[in-house]
Amino acid sequence: MGVDLGLDLRKAVEPDRVHRGVYTDAGIFELEMERIFNKVWTYVGHESQVKNVGDYWTVQIGRQPMLMTRHSDRSVRVLYNRCPHRGALLYGDRSGNVGKSITCSYHSWQFDTDGTCKAIPLEKGYEGTRLSIANPDCSMKPAARVASYRGFVFASLADGGPSLLDWLGPAKVAFDDMCDRAPEGEVEVVPTCFRVIQNSNWKIFLENQLDALHPAVTHESTGRAAAAVEDEFKKNKKDAPLAYHFLSAFATPITSWDGFRTLGYRHGHCILTGYMGLRPRDPDTLAYERVMEKAYGKQRMEEILGVNIHHVLLYPGLSVQSALQQLRAVRPLGVDKTLTEIWHFRLKGAPEPIYRRALGYYNLVNSPSTMVNADDLWNFWKCHQGLSSNGGDWVSFHRNAGQDPEENGVVTSVIGTSEQPMRNQFRAWTEYMGTN
Amino acid sequence: MAKKPGKAVAILKAAVKPKAGGKNGARRRIRAGDSDTKREVEQFLYWQAECLDDKRWQEFIDLFAVDGMYWMPASPEQTTGDGVPSIFWEDRDLMSVRLKRLGHPRAWSQKTAWGTNHVVANVIIEEESAGEIVARSRFHMMEFRNDSTRHFAGSYIHHLRRTKDGLRIKLQRVDMVNAQGPYEYVLQAWV
């Protein structure tokens, strides 16, 4: 279809290149909302965000306003944030506790935390009409499917489709790697959510997450600045805190990035292996390893800490950095506007310095004062502007095209900077869009 | 001021945000801060704002004591930046990373013209004792970047120390009223 460009969707995605309209065409964006975001599993939040009965968080799935609540039976529910009476949002703020019931601010219809209508004021006004409190139309509509994996809650607005576990496939390692690193096997959310808006199409962000060719170019300035200050520490016979390395790792020369690996899974999920050396031999790490060994035994501890992942991308809406206990949820706001919600987690049972490591990354790389994403966002905006131009019709993903070895549904990259992850994402895109 | 490496993470218990208004606050305000101190602090704050607006980053950093911290909390309830998420929680070493990045020839997003204008006002001397001053103020900053404007406004709390070189910042707390909103783009420099 393609309202603006009259683009034939079946011809828009080729194995090694994609038509620019896929990023800029408002009609295609509408189709993506319908065929992808209204169907896939979307990350809603972490169970620890709604610890107590009645706690709620508002969240967006596709463009649907949703509510995550903790019901009285302790289950986590995901409901449309909409009053069935006259359609008002039930909550206009981000989070809180419903109190005795979810109460609409307009005419005081009241609902239980599973969405069931509990009370309608002056109910006799409905006598003789076809509406009664027992009518399911009087209750809040739930998401078609809700499931959680290791405390991470997902919802789907469609009845059909793979189960959460089937959909995650091997990419569930995002949550296994994060939770296994906790001596208690669980993580807890830190209730701060940084929100950053990118003036670009959502796919540009996802492609960048696994793009090992860009860090040495885009982030050279920050990498070198941090490396220079690290050197000053050394000159003064001091060790720079590990957080500096999160930044100076970007000074890794472009030729080294081929040494890393990317793995592509079904449904567009991908992994970039780690490069930040997150298992140093400092006293904090050694103390943490002792706690881990006590919890898991030496062999299992080695297995857990031996997992080497930088990013796991759960297409189309979540980027997880398991070893640093953080994630970015992607909420497309429009064809050229994308919100990222950025969270981090505490490893239950781990010593405080290990939390501080995650915090250092959260503050330096993922906060609104980021010296890293500042240059990414600038690139994303420039990409979207360039793709909106008539200067050319195609986006190139030719790098190592035709060299994506596939075995048992897992696509590997021949070199770290292969554009295999983007090709893998578009394979999923065409499946979802029905144009494969 | 000579550059000395500061402690990577300084624990500053003094970061407690004074309660705005209230009987005690009002009484303290009347008592503390003679007009000379107030004028001195005002000049210092205006100078600091000018350093930002003129992009004199090193001079901005040099207004901080060797153990000084620049802190923008993630939420107004926070009482310390130590061990909790912050938008900024920078000692002079981290500030120096930011400075070096801003000045790097390939800090790509610096290529677009940008500038800020700070107005600092409503200066109140909260406390003054033994060479240390706590001052509250309000700021309004307009930023022009990439052909559009953004507004940031909020309050500063400066914990200042008298040194032989003049006033130096032990801790600057920056609470923006829009700190918790979604950011259209990010903050590249201190506010």
Which members of the stretch B:77-87 meet the condition of being within 8 Å of chain A (Cβ to nearest Cβ) and touching a residue at least 12 places away in the same chain (Cβ under 8 Å)? B:S86, B:I87
For A:L157, work out the one condition from (1) more than 16 Å from the chain's Cα centre (by Cα); (2) within 14 Å of chain B (Cβ to nearest Cβ) it doesn't fulfil. (2)
Of A:L387, A:L377, A:L347, A:L333, which residue is open to solvent by 10 Å² or more (accessible area, probe 1.4 Å) and either touching a Cys at 6+ places or on another chain (Cβ under 7 Å) or within 9 Å of another protein chain (Cβ to nearest Cβ) (or both)? A:L377
Among strands (runs of 3 or more DSSP E) entirely within the stretch B:79-178, at least 2 residues that are open to solvent by 10 Å² or more (accessible area, probe 1.4 Å) and within 30 Å of A:R346 (Cα to Cα) occur in B:166-176
Contact list please: Cβ distance under 6 Å, first residue in the stretch A:121-150 and touching a residue at least 12 places away in the same chain (Cβ under 8 Å) and at negative phi, second residue of a type in the set (V, I, T) and outside any strand (DSSP E or B), pairs at least six apart or on different chains. A:I133/A:I120; A:S139/A:T116
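Considering only the stretch A:139-157, how many residues are open to solvent by 20 Å² or more (accessible area, probe 1.4 Å), assigned to a loop (DSSP other than H, G, I, E, B) and either in contact with a His (Cβ under 8 Å, 6 or more places away or on another chain) or over 30 Å from A:N363 (Cβ atoms) (or both)?
Looking only at that region, the number is 4.
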Please work out if B:E90 is within 10 Å of another protein chain (Cβ to nearest Cβ) and charged (D, E, K, R). yes
Is there any pair with a first residue in the stretch B:177-191 that is at the interface with chain A (Cβ under 8 Å from one of its Cβ atoms) and without any contact (Cβ under 8 Å) to a residue 40 or more places away in the chain and a second that is surrounded by 18 or more Cβ atoms within 10 Å (Cβ to Cβ) and part of a loop (DSSP other than H, G, I, E, B) whose Cβ atoms are under 7 Å apart and which are 6 or more apart or on different chains, and what are they? B:Y183/A:P368; B:V186/A:P368; B:V186/A:S369; B:V186/A:T370
Just to check your reading of the model, which residue among A:G161, A:G185 is in contact (Cβ under 8 Å) with a residue 40 or more places away in the chain, open to solvent by 50 Å² or more (accessible area, probe 1.4 Å) and not in a helix (DSSP H, G or I)? A:G161
Subset of the stretch A:286-298, residues without any contact (Cβ under 8 Å) to a residue 60 or more places away in the chain and either in a helix (DSSP H, G or I) or open to solvent by less than 20 Å² (accessible area, probe 1.4 Å) (or both), comes to A:L286, A:E289, A:R290, A:E293, A:K298
Could you check how many residues of the stretch B:113-135 are touching a residue at least 24 places away in the same chain (Cβ under 8 Å) and among the small types (G, A, S)? 4
Looking at this structure, is B:I61 surrounded by 19 or more Cβ atoms within 10 Å (Cβ to Cβ) and either facing chain A (nearest Cβ under 8 Å) or within 30 Å of A:V217 (Cβ to Cβ) (or both)? yes
Out of B:A153, B:A113, B:A121, I need the residue that is more than 23 Å from A:I342 (Cβ to Cβ), within 14 Å of chain A (Cβ to nearest Cβ), touching a Phe, Trp or Tyr at 6+ places or on another chain (Cβ under 9 Å) and of a type in the set (A, V, I, L, M, F, W, C). Which one? B:A113
Scan of the stretch A:205-221 for residues that are open to solvent by 10 Å² or more (accessible area, probe 1.4 Å) and not polar (S, T, N, Q), ordered by number: A:E207, A:D211, A:L213, A:H214, A:A216, A:V217, A:E220
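Hey, can you tell me all the residues within the stretch A:350-369 that are buried (at least 21 other Cβ atoms within 10 Å of the Cβ), within 13 Å of another protein chain (Cβ to nearest Cβ) and more than 14 Å from B:P182 (Cα to Cα)?
Of the stretch A:350-369, the ones buried (at least 21 other Cβ atoms within 10 Å of the Cβ) are A:350, A:354, A:357-369.
Then keep just the ones that are within 13 Å of another protein chain (Cβ to nearest Cβ); that gives A:354, A:357-369.
Across the stretch A:350-369, the qualifying residues are A:I354, A:R357, A:A358, A:L359, A:G360, A:Y361, A:Y362, A:N363, A:L364, A:V365.
Condition check: crowded, with 18+ Cβ neighbours inside 10 Å and farther than 15 Å from A:L157 by Cα. Does A:H85 satisfy that?
No.
Would you please name the residue that is nearest to the other protein chains (Cβ to nearest Cβ), looking only at residues in the stretch B:128-150 that are among the hydrophobic types (A, V, I, L, M, F, W, C) and over 30 Å from A:F380 (Cα atoms)? Write out each step before concluding.
From the stretch B:128-150, those among the hydrophobic types (A, V, I, L, M, F, W, C) are B:130, B:133-135, B:139, B:141-142, B:144; that's our starting set.
Those left that are additionally over 30 Å from A:F380 (Cα atoms): B:130, B:133-135, B:139.
Working: B:A130: 30, B:I133: 26, B:V134: 24, B:A135: 23, B:F139: 16 Å.
Across the stretch B:128-150, the extreme among qualifying residues is B:F139.
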A:M178 touching a residue at least 60 places away in the same chain (Cβ under 8 Å) and over 30 Å from A:D376 (Cβ atoms): no
Can you tell me which residue within the stretch A:395-429, out of those that are open to solvent by 20 Å² or more (accessible area, probe 1.4 Å) and of a type in the set (S, T, N, Q), is nearest to A:Y23 (Cα to Cα)? A:S396
Do we find that B:I87 is within 13 Å of the chain's Cα centre (by Cα), of a type outside the set (F, W, Y) and farther than 17 Å from B:Y46 by Cα in this structure? yes
A:P241: passes all of (1) open to solvent by 20 Å² or more (accessible area, probe 1.4 Å); (2) under 21 Å from the mean Cα position of the chain (by Cα) but (2)
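On the given criteria, is A:Q325 within 14 Å of chain B (Cβ to nearest Cβ) and either closer than 29 Å to A:D166 by Cα or among the hydroxyl-bearing types (S, T, Y) (or both)?
Taking the combined requirement at face value, the residue satisfies it.
One line per residue, one yes/no per condition, for (1) aromatic (F, W, Y); (2) in contact with a Phe, Trp or Tyr (Cβ under 6 Å, 6 or more places away or on another chain); (3) over 30 Å from A:P316 (Cβ atoms); (4) not assigned by TED's automatic domain parsing to the domain that holds A:V146:
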position	(1), (2), (3), (4)
A:Y56	yes, no, no, no
A:P65	no, no, no, no
A:G87	no, no, no, no
A:D93	no, no, no, no
A:C104	no, no, yes, no
A:E123	no, no, yes, no
A:Y126	yes, no, yes, no
Suppose we filter A:M301, A:M276 for residues that are of a type in the set (A, V, I, L, M), crowded, with 16+ Cβ neighbours inside 10 Å and in a loop (DSSP other than H, G, I, E, B); which single one remains? A:M276
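For the stretch A:1-113, which fully contained strands (runs of 3 or more DSSP E) count at least 2 residues that are at pLDDT 95 or above and of a type in the set (S, T, N, Q)?
Details: elements: A:17-19, A:42-46, A:55-61, A:64-70, A:76-80, A:95-97.
Hits in the stretch A:1-113: A:55-61, A:64-70, A:95-97.
The values are calculated or read from the model by the stated rules, or taken from the named source; none is laboratory data. Everything quoted here is computed from the prediction, not taken from an experiment. FYI the Cβ positions are ideal-geometry reconstructions off the backbone, even for glycines, and counts take in every protein chain you see. Ligands, DNA and RNA are stripped out before the accessible areas are found, and what is left, the full protein with its side chains, is counted by its heavy atoms. Shrake-Rupley method; radii C 1.70, N 1.55, O 1.52, S 1.80 Å.
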